[in-house]
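The values are calculated or read from the model by the stated rules, or taken from the named source; none is laboratory data. Everything numeric in this text was worked out from a predicted model, so none of it was measured. Neighbour counts are summed over all protein chains in view; Cβ atoms, including those assigned to glycine, are modelled from backbone coordinates with ideal geometry.
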Amino acid sequence: MKWLLRIIPLLLLLPLLFLAAAWVFFPQIAPALLRSALEAPGRRIEIAGLSRPGFNSVGCHALTADVEVPPGPCTPDTAATLYHATIIRPQLRWDTDLSKLLATGKATITLRLTADSLQFGPSSGAFSYSDTDPLAGVEMSISLNGFNAPAFTPLAASYVIDDAALEAGGFKARGISVPLRASADREWVPEKADISIRSLENKTGPLPVTAIRASLIALPDSSNHCTLTLNRSSLELFGMKASTDTLAYDMLRKRAAFQLDIENADLIRLQGTKAGNREKPFATGVLHGSIPVVYADSVLRVEGAFISASKPLALHWYDRTVQEWLSIELGTGPVLRKLKAQIAVGGPEGTELTSLSAGMLQGTLKAKTARTPAPSGRKPIIVGIEGVDALQTVKFHGAYKGALKGRIYGTVPVTLEKTGFAIRNGTLRSEGGGTISIRDPKTGIEASYAFTEPTARFTRYPTGALTLDFSMRELTRKAEGGELLLTHPAGRALLWSDPASPDMVRLTNFSAGFFNSTLSITDARYDMLTGSGNTVLHFSSLPLQKLLDLQGTKKLYATGTLQGDIPVRMDKETIAIKDGGLRAEESGQIIYATTPEERAAANPGLRTTYEALTNFLYIQLASSLDMAPDGESLLTVQLKGNNPEYQGGRPVEINLTIRQNLLSLLKSLSIASDIERSISEKALRPEK
């Protein structure tokens, strides 16, 4: 009996020893036991760093799972999808009433899962979900069944999403928050919950879409289990709110329809230009509108939308001193009418605009995504403009004023790059035109520029550099000194193209008709910051008589054309000319008309000059011009030729020198009197 009394305590301690051994060796034996219990065809689970359990908890370093999910009742036409999940440092806690379980054989057990992070998504990479500090829970009923395994029945499940992220189709949603809960008594339909998304971004950076809000509505009707309904949905675009009352998504048909309403969208919220501690608005006005949207077959369609302004709509531009110099003022009323759009979502190209059309300012806007990508590899959106009456909305301010009119036509390919937007070979033209006046704030002198039928072809780079090829039918400059007309001016302007000198403007390959001649500029540079620049004006086929007519001469008549170069140096408000000159392209004729009375009254030397110039046939005509910044100039003219009717046509050489303030003379166009006076003072001498 003694041995029996000794062995009984050992037998009583044996279960405790087994429990102790199981607790000590739990990290080694539990993974194998759990793997055999949890793994099955289409399901694989790996547990790393399993820790010893506490009284009501157990954890591990990481848990990974691959689960193949068959098509559900809402997606019967899809194939099974393999999902992969990784949980870092998960901790499972449980809680139950053991006394109730032992007394009645039934109880409720609550499982609570926490972790450092969760990542989840299909193997196809269609989307990727991540959550920091996830929190999930499951409620189950447990029933003891004698010596058989206890029965577990799920009652409810919850997952509190807070500050999660979802990436799909090139877009990423951040700050996702939604408390999800479903229960068996509601047939596992998600209960009502408020959803919020802090912001959206794409590969280029944050998008102006923020503060997305919606309410998930529970659907007790089992016939509508495949319809996800959101109520009171809203978002902010550039800080302006848009909303829809109800958004219903049919997961079986993959179709959704809703109407996006825009109310009191104040454009003052758009980012503007900083002026000290104040911000000058880029846009002003209040918009409202309605955008009906239908989503089906991975295509988002907008049909018959409209956007209108309840307070005057305007866009504003500012100069270097942050003073407004130009605005586009659209006023109140309709902005976009009969807006139609079609956007492909989730295809191989990501989100792609298939087509867009809308009425705007008595014209139409059309857009679509090009089939051929730009050099960057991204496909541009081609925006077409047809008869938009936009020029009349342009207003000038400050030192600028003017009026424009005419409809605009053209094509603008816009590509969204990582560092900004780009436009490659955009074209705009108008059959109209207008006048722009610029007043010098220091001198008060005003000059106006009138143009007709402008055409522009331009390329804008993501860095902001702009290349502009322009042409127009006529450009007329009017100032105190008179009027200057250029016909068919055309050239190329380069703006903000040099990072080292962002204020440098270049004009290349410029040409224009000027008094039936051609004015051309190979290259001109002007620094807007310092107000300095230089260029060379080249003239060819310039009629000599047109030049004399411009100067207002009364007695000089000439044939022949001139060519030459005038180097111009600009420095703030001053202009200087150094080593300029014009010469005759071929021989011609000059007639200095005098009356018999003038010849009879003249002295012998002057009478000889008059007689020689009554029919002077020149074989050489050359001039030189220098002008200081203050306008003081030196003009020399050299003539070689003869008069067949004077002294048997002997060779004659005439040299003229004129010193005057050319700027003052040009203002009054009175240079002619000085030419005539210089001729009168010259003597004729025979050519040796």
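Key figures for this structure:
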item: Conditions (1) modelled with pLDDT of 80 or more; (2) closer than 25 Å to residue 300 by Cα; (3) of a type outside the set (D, E, K, R); (4) surrounded by 16 or more Cβ atoms within 10 Å (Cβ to Cβ); number of the one not met by residue 246; result: (4)
item: Complete set of residues in the range 496-516 that are within 22 Å of residue 472 (Cβ to Cβ) and touching a Leu at 6+ places or on another chain (Cβ under 9 Å); result: 505, 506, 507, 508, 510, 511, 512, 513, 514, 515, 516
item: Qualifying strands (runs of 3 or more DSSP E) (wholly inside the range 581-649; at least 1 residues being farther than 22 Å from residue 559 by Cα); result: 616-627, 632-642
item: Condition met for residue 540 (at pLDDT below 95 and assigned to a loop (DSSP other than H, G, I, E, B)); result: no
item: Failed item in (1) of a type in the set (S, T, N, Q); (2) surrounded by fewer than 18 Cβ atoms within 10 Å (Cβ to Cβ); (3) under 27 Å from residue 478 (Cβ atoms), with residue 624 passing the rest; result: (3)
item: Which listed residue is of a type outside the set (Lys, Arg) and modelled with pLDDT under 85, from 475, 507, 484; result: 484
item: Pairs with Cβ under 9 Å, 6+ apart, first in the range 632-645 and in the same structural domain as residue 657 (by TED's automatic domain parsing) and farther than 14 Å from residue 661 by Cα, second at pLDDT 90 or above and among the aromatic types (Phe, Trp, Tyr); result: 639/618; 640/618; 641/618; 642/618
item: Residues satisfying the stated conditions in the range 307-324, i.e. surrounded by fewer than 17 Cβ atoms within 10 Å (Cβ to Cβ) and either part of a strand (DSSP E or B) or without any contact (Cβ under 8 Å) to a residue 60 or more places away in the chain (or both); result: 310, 311, 312, 317, 321, 322
item: Subset of the range 295-321 (residues that are more than 21 Å from the chain's Cα centre (by Cα) and either at positive phi or at pLDDT below 90 (or both)); result: 295, 296, 297, 298, 299, 300, 303, 304, 321
item: Of the criteria (1) over 30 Å from residue 612 (Cβ atoms); (2) in a loop (DSSP other than H, G, I, E, B), which one residue 554 fails; result: (1)
item: Wholly enclosed strands (runs of 3 or more DSSP E) of the range 363-426 bearing at least 1 residues under 29 Å from residue 323 (Cβ atoms); result: 381-388, 394-396, 400-405, 408-417
item: Search result, residues across the range 506-532 that are hydrophobic (A, V, I, L, M, F, W, C) and either crowded, with 17+ Cβ neighbours inside 10 Å or in contact with a Cys (Cβ under 6 Å, 6 or more places away or on another chain) (or both); result: 507, 510, 512, 514, 515, 519, 521, 524
item: Residue 566 vs. criteria crowded, with 17+ Cβ neighbours inside 10 Å, in a strand (DSSP E or B), at pLDDT below 90 and of a type outside the set (S, T, N, Q); result: no
item: The range 182-195, residues that are modelled with pLDDT of 85 or more and either surrounded by fewer than 16 Cβ atoms within 10 Å (Cβ to Cβ) or basic (Lys, Arg) (or both); result: 194
item: Qualifying residue in the range 578-588 (condition: in contact with a strand residue (DSSP E or B) (Cβ under 7 Å, 6 or more places away or on another chain), of a type in the set (A, V, I, L, M) and buried (at least 18 other Cβ atoms within 10 Å of the Cβ)); result: yes
item: Extreme residue, nearest to residue 187 (Cα to Cα), among residues of the range 216-233 that are surrounded by fewer than 16 Cβ atoms within 10 Å (Cβ to Cβ) and modelled with pLDDT of 80 or more; result: 231
